[in-house]
1. Among the residues of the range 361-397, how many are aliphatic (A, V, I, L, M), touching a residue at least 24 places away in the same chain (Cβ under 8 Å) and either part of a helix (DSSP H, G or I) or on the phi > 0 side of the Ramachandran plot (or both)?
2. Please tell me if Ser148 is over 30 Å from Val387 (Cβ atoms), surrounded by 13 or more Cβ atoms within 10 Å (Cβ to Cβ) and among the hydroxyl-bearing types (Ser, Thr, Tyr).
3. Regarding the range 166-183, can at least one residue be identified that is in contact with a Ser or Thr (Cβ under 9 Å, 6 or more places away or on another chain), of a type in the set (Phe, Trp, Tyr), part of a helix (DSSP H, G or I) and surrounded by 15 or more Cβ atoms within 10 Å (Cβ to Cβ)?
4. Which one of Ser345, Ser296 is under 16 Å from the mean Cα position of the chain (by Cα) and either modelled with pLDDT under 90 or among the small types (Gly, Ala, Ser) (or both)?
5. Within the range 88-99, does at least one residue satisfy the condition of being buried (at least 17 other Cβ atoms within 10 Å of the Cβ) and closer than 30 Å to Arg313 by Cα?
6. Identify, from the list Pro82, Pro48, the residue that is within 22 Å of Val280 (Cβ to Cβ) and either touching a residue at least 60 places away in the same chain (Cβ under 8 Å) or under 21 Å from the mean Cα position of the chain (by Cα) (or both).
7. Any residue in the range 284-302 that's at positive phi: show its pairings with residues that are assigned to a helix (DSSP H, G or I) and modelled with pLDDT under 90 at Cβ separation under 8 Å, as long as the two are six or more apart or on different chains.
8. Conditions first: (1) out of contact with any Pro (no Cβ under 8 Å at 6 or more places or on another chain); (2) of a type outside the set (Ser, Thr, Tyr); (3) over 30 Å from Leu137 (Cβ atoms). Leu183 passes all but one, so which condition is the exception?
Amino acid sequence: MVGVGWLVVMDDWLLRGGPLGAILGFALGGILLLPIGYVYARLIIALPDASGEVAYTAQVFPESVSFATGWMMLLAYFIVCPWEAIAVGKIAAYIFPQLNSIELYRIAGQPVFLPRVLLGLTLLAFLAILNYRGIRLSATFQNWTTFSVLSLFAVLVICGAVRGTPQNLKPLFSHSPWISILLVMQIVPYFMTGYESVGKCAEEAHPEFRTQGFVWAIALAIVVSAAFYILAVTAVAYISPWQALIGETFATAVAFERAFRAQWIVNLLLFTALLSLFKVFNGNFVASSRVLFALSRRGLVDPRLSRIDPVNRTPSVAIACIALATIAALLLGDAILIPITEVGSVASAFGWLAACAAYATSCVKKRPPSRDLAIALLGILAALAMVLMKFVPAIPGHFTISEYSALGAWALLGFILNALSKRKLRPSHSDT
């Protein structure tokens with residue numbers, strides 16, 4: 001959930017909301033996610049299935065709804081992989097400018113450099129092999145990087161508090177207060193996607209893991225990630241006038257460099273960001289490969305994608321497909337970073353909406369309805385609001401033609417793959 005957005009696109013956050021607008025946007029976004037997180041925890045306890053939202057919705061809705069939900073969540077996880085693969089080259093080039101050489105081509109005016117592409121491919125290969133070898137290695141890697149990131153970030157926040165001044169926070173909003181908060185809340189689903197991925201690994205959890213642990217895992221994930229983003233925005237805007245950071249390639253690094261006039265703080269920040277990038281890349285690679293495997297296992301996409309490696313007991317074909325798709329997207333370069341944020345937010349919110357609707361439906365069927373129904377309804381309203389924020393033309397920051405095109409292309413691809421899988425599963429005349 002906590003990647004390198006706080007370093008790579010901090011200027012976009014401040015441009016959207018200003019310091020207080022960004023802080024309130026992430027805070028309110030985190031609060032809205034709490035009832036959704038509770039619903040997910042209850043669903044995981046009741047149905048520990050790697051397919052997650054696909055399994056939850058299949059209990060109460062037609063197969064078409066179940067597939068559409070799973071396909072959107074696959075997009076939400078997968079879309080982060082090329083984002084991080086591109087970001088690692090961008091961060092490394094800040095330290096080693098030589099990486100910005102051997103320009104291959106340009107997309108939307110943004111150059112794509114060979115050394116940065118090769119760096120992204122190397123990281124992708126490492127994580128693909130790590131995932132292929134088994135979930136235990138991946139989980140251990142995730143634990144070490146997560147705690148290292150949180151520890152290093154605490155040091156950065158303390159350093160920022162010593163050198164900053166409240167005067168740098170003015171003006172508090174980039175637009176009117178309401179518009180500023182709204183523009184930031186629209187991207188919260190993308191940057192806080194991940195807490196629901198707990199369910200994707202439920203089948204691979206240790207047998208002694210207590211089911212109540214899922215509730216705490218999800219709740220802490222939401223609270224800690226929201227607090228992280230709030231502190232990141234506060235620290236950056238506190239140590240440097242935020243308006244002077246707009247348009248900077250790495251606004252966070254620039255802010256600390258200007259405040260301390262020392263390279264060590266920048267190096268520490270970039271090292272923290274790289275660790276954060278590795279863990280988010282790995283986490284979303286795990287989740288996306290498991291969702292693809294689960295869709296295949298249910299016959300919703302090609303059945304061959306559900307093949308399990310006989311030695312490592314991992315979905316080897318699904319892992320390979322996610323790796324290849326990431327390579328294809330990686331070649332598009334920096335131009336896709338911001339559009340990915342927009343499309344990923346809607347994909348996540350759509351999946352959350354469907355999961356909450358499935359849980360609410362199951363609550364209604366009980367006699368009397370479960371007391372969890374009210375929480376599920378709150379989750380539905382929160383997720384629906386996150387979806388509508390991008391689709392209603394009257395709301396500032398709504399989708400443009402490029403985002404609609406990307407989302408439409410993904411939906412079309414899903415329709416084709418689903419139709420082909422049904423054709424393969426349909427018995428031929430000779431079989432009958």
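1. So the count comes out to 11.
2. Yes; evaluated as a whole, the condition is true for this residue.
3. Scanning the range 166-183 turns up no residue that is in contact with a Ser or Thr (Cβ under 9 Å, 6 or more places away or on another chain), of a type in the set (Phe, Trp, Tyr), part of a helix (DSSP H, G or I) and surrounded by 15 or more Cβ atoms within 10 Å (Cβ to Cβ).
4. Checking each option against the conditions leaves just Ser345.
5. Taking every residue of the range 88-99 in turn, at least one turns out to be buried (at least 17 other Cβ atoms within 10 Å of the Cβ) and closer than 30 Å to Arg313 by Cα.
6. Pro82
7. So the pair list comes out as Gly299/Ser421; Gly299/Lys422; Gly299/Leu425.
8. Only one criterion in (1) out of contact with any Pro (no Cβ under 8 Å at 6 or more places or on another chain); (2) of a type outside the set (Ser, Thr, Tyr); (3) over 30 Å from Leu137 (Cβ atoms) is unmet by Leu183, namely (1).
The values are calculated or read from the model by the stated rules, or taken from the named source; none is laboratory data. These numbers were taken from a predicted model, which means no experiment stands behind them. Virtual Cβ from ideal backbone geometry, glycine too; neighbours counted across all protein chains shown.
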